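The values are calculated or read from the model by the stated rules, or taken from the named source; none is laboratory data. The structure displayed is predicted, hence computed values, not measured ones. Here the Cβ positions follow ideal geometry from the backbone for every residue, glycine too, while neighbour counts run over all protein chains shown.
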Amino acid sequence: MPRPHSALVVLLTAAFVIPVFPAAAPAAVAAAGLTGAVCDHQPALNPQAPAGAVVVDAGVEGDLSVKTRSAAPGTTFWLPPGTHRLAADQFGQVIPKDGDVYLGAPGAVLDGGGINQAAFTQQAKDVVIRGLTIQNFVAPQDQGVVNHDSGEHWVIENSTIQNNRGAALMAGIRQVVRANCLRGNGQYGMNAYRPDNAITGLVVEGNEISDNNVDDWETRNPGCGCSGGIKFWAVNGADVRGNWIHHNHGAGLWADTNDNDFLIEDNLIEDNDAEAIFYEISYNVVIRHNVIRRNNVVAGSRRASRGDNFPSAAVYLSESGGEPRVPARTDVLDVYGNTFEDNWSAITLWENADRFCNSPANTSSASCTKLVTDRTRCSAPGIDDEPLFDDCRWKTQRVEIHSNTFRFDPARPGCAGLCGRMAVLSNYGTYPAWSPYRATVVQEAITHDQDNYWYSNDYVGPWTFVAGDSSRTLTPEQWQNDPWNQDDCASFDGVTPNC
């Protein structure tokens, strides 16, 4: 079979310059050693007010908002121990100015009281929030409590943002989210979205992100795609590293619709109800040195109980892949050096033959690929010919899955042969009538023609493989031979073929 191409290249993004991904430590060591409990283990920061800081009075309702309004940009505010409240109004909020800094002493709590929708709002730049507990705000669906309006370059560190409705926080350009506890929020730990799709340079590092989607949005609004630990929308450049992402009621990390240039490394991702990582209609990502265990057991077993044989997996790569024409630090989708343990299944590469730009079957109906600016061009008869025939599809292409360890214990209730699988597949194209991707066009492309390769992986347990469509289950020997030719130099239960 053709050899995989080079994984990393140095390119410039439209908004910022970033280096090639550096080398990282081995997966299990890095993820197990660098991630851990942040919730209830925050350091005792800011015990006293720094020189020149404005001291906020916990006994005066709305004092933080009033003092912020009256101070000059770049002021530091210190919140002493105690429960601080905003005005008793749903729109009671703090509106920072550029460069404002908010420091919480140990025991400082900003409490929305089930009344206030948001804590920190508007679009000031370079705001810092450190050492605060922020809780009991009631943000509406898809809105956030902290950085509600996605201001630029906010730094949110060593804070606990918990038990809120909506999202704990929104993301902005060059935002840094470090060493926070984001737990028990109604929808997301973070919603990385701006209406102008301008988020670049996002850093999410060393956080504990757990038990989010308390309000179970996928049940309340089926098909909304609006739940989990973090949801990313059209983010161009994100580093997600060293986090503990666990027990979220949905996916742990979900990148949806034209995300690009992600590095997901050294995370411990475990016990999430749905996927550990869901990368959907997006581009160019490296997923490396993560420990991924016991994910998608809830959603996978629920699907199996309905008789649905789709290979639901811990890492779900849906209409996503490497694209050299979209600038990023890599031009592939590279999955390597990870340890997978007892997930429902491991990795599924999927492409919906009926989902493409301007198709009625595209759930992201207002979006087109990054290669076509006018989605109306993706229609008959022009879509039948190049370049639109290629460029109107989000493609699962240029995916490399190598040097990973996959462990699986089949003694799981409800498995019935539908867990412990690896898959690359598509549906039979049927819709719309003018689609050039009907019949087996996409099935053939994703399995044979789009440079998707597994190689040099280690398997422990009775793994099976799905290729082409969900009706075809393969043994390791079939998987490695014609016509699939996958997993050169893989080992199965310690036995490695000559290679």
Restricting to the range 423-441, count the residues that are β-branched (Val, Ile, Thr), assigned to a loop (DSSP other than H, G, I, E, B) and more than 19 Å from Thr348 (Cβ to Cβ). 1
Exception for Pro360 within (1) outside any strand (DSSP E or B); (2) at pLDDT 95 or above; (3) within 19 Å of Val442 (Cα to Cα) falls at (2)
Reported set for the range 136-161 where residues are over 18 Å from Gly74 (Cα atoms), surrounded by fewer than 22 Cβ atoms within 10 Å (Cβ to Cβ) and free of Cβ contacts under 8 Å to residues at least 60 places away in the same chain is Asn136, Val138, Pro140, Gln143, Asp149
Gly237 being buried (at least 24 other Cβ atoms within 10 Å of the Cβ), in contact with a Ser or Thr (Cβ under 9 Å, 6 or more places away or on another chain), in contact (Cβ under 8 Å) with a residue 12 or more places away in the chain and in a strand (DSSP E or B): yes
Answer from Cys368, Cys415 - the residue that is over 27 Å from Thr440 (Cβ atoms) and in a loop (DSSP other than H, G, I, E, B): Cys415
Hits in the range 371-412 - residues which are part of a helix (DSSP H, G or I) and more than 14 Å from Arg325 (Cα to Cα): Arg375, Thr376, Arg377, Gly382, Ile383, Asp384, Leu388, Phe389
Take Asn248 and decide whether it is in contact with a Leu (Cβ under 9 Å, 6 or more places away or on another chain), in a loop (DSSP other than H, G, I, E, B) and buried (at least 24 other Cβ atoms within 10 Å of the Cβ). no
Just a yes or no: is a residue in the range 197-205 at pLDDT below 95, among the hydrophobic types (A, V, I, L, M, F, W, C) and surrounded by fewer than 22 Cβ atoms within 10 Å (Cβ to Cβ)? yes
Evaluate the following for Asp216: is it surrounded by fewer than 24 Cβ atoms within 10 Å (Cβ to Cβ) and either at pLDDT below 95 or among the polar types (S, T, N, Q) (or both)? yes
Count of the range 76-91 residues which are of a type in the set (Ser, Thr, Tyr) and over 34 Å from the mean Cα position of the chain (by Cα): 0
Of Val101, Val66, which residue is β-branched (Val, Ile, Thr) and over 34 Å from the mean Cα position of the chain (by Cα)? Val66
What are the pairs with Cβ atoms under 7 angstrom where one residue, in the range 257-274, is over 18 Å from Asn191 (Cα atoms) and the other, located anywhere, is of a type in the set (Val, Ile, Thr) and part of a loop (DSSP other than H, G, I, E, B)? Sequence gap at least six, or different chains. Asn267/Thr35; Leu268/Thr35
Quick one: which residue in Arg421, Arg375 is surrounded by 19 or more Cβ atoms within 10 Å (Cβ to Cβ), of a type in the set (D, E, K, R), in contact with a Ser or Thr (Cβ under 8 Å, 6 or more places away or on another chain) and touching a residue at least 12 places away in the same chain (Cβ under 8 Å)? Arg421
Picking from Ala179, Ala192, which residue would you name as being farther than 20 Å from Thr68 by Cα, surrounded by fewer than 24 Cβ atoms within 10 Å (Cβ to Cβ), in contact (Cβ under 8 Å) with a residue 24 or more places away in the chain and within 19 Å of the chain's Cα centre (by Cα)? Ala179
Within the range 104-144, the count of residues that are among the aliphatic types (A, V, I, L, M), within 25 Å of the chain's Cα centre (by Cα) and farther than 16 Å from Thr68 by Cβ comes to 2
Residues of the range 232-248 classified as of a type outside the set (Gly, Ala, Ser) and closer than 18 Å to Ile292 by Cα, total: 9
Restricted to the range 298-331 and to residues being in contact with an Asp or Glu (Cβ under 8 Å, 6 or more places away or on another chain) and part of a helix (DSSP H, G or I), the residue nearest to Ile347 (Cα to Cα) is Ala299
Criterion first (in contact with a helix residue (DSSP H, G or I) (Cβ under 7 Å, 6 or more places away or on another chain) and not acidic (Asp, Glu)) does Phe356 satisfy it? no
Among (1) crowded, with 19+ Cβ neighbours inside 10 Å; (2) more than 25 Å from the chain's Cα centre (by Cα), which single condition is Gln397 missing? (2)
Would you confirm whether or not the range 309-319 contains a residue that is over 30 Å from Ile269 (Cα atoms), surrounded by fewer than 19 Cβ atoms within 10 Å (Cβ to Cβ) and out of contact with any His (no Cβ under 8 Å at 6 or more places or on another chain)? no
Pairing a residue in the range 39-62 that is at negative phi and touching a residue at least 40 places away in the same chain (Cβ under 8 Å) with any residue that is surrounded by fewer than 16 Cβ atoms within 10 Å (Cβ to Cβ) and part of a loop (DSSP other than H, G, I, E, B), where Cβ atoms lie under 7 Å and the two sit 6 or more apart in sequence or on different chains, gives Ala44/Pro106; Pro47/Pro106
Filter the range 195-214 down to the residues that are outside any strand (DSSP E or B) and within 14 Å of Gly252 (Cα to Cα) and list them by number. Asn207, Asp211, Asn212, Asn213, Val214
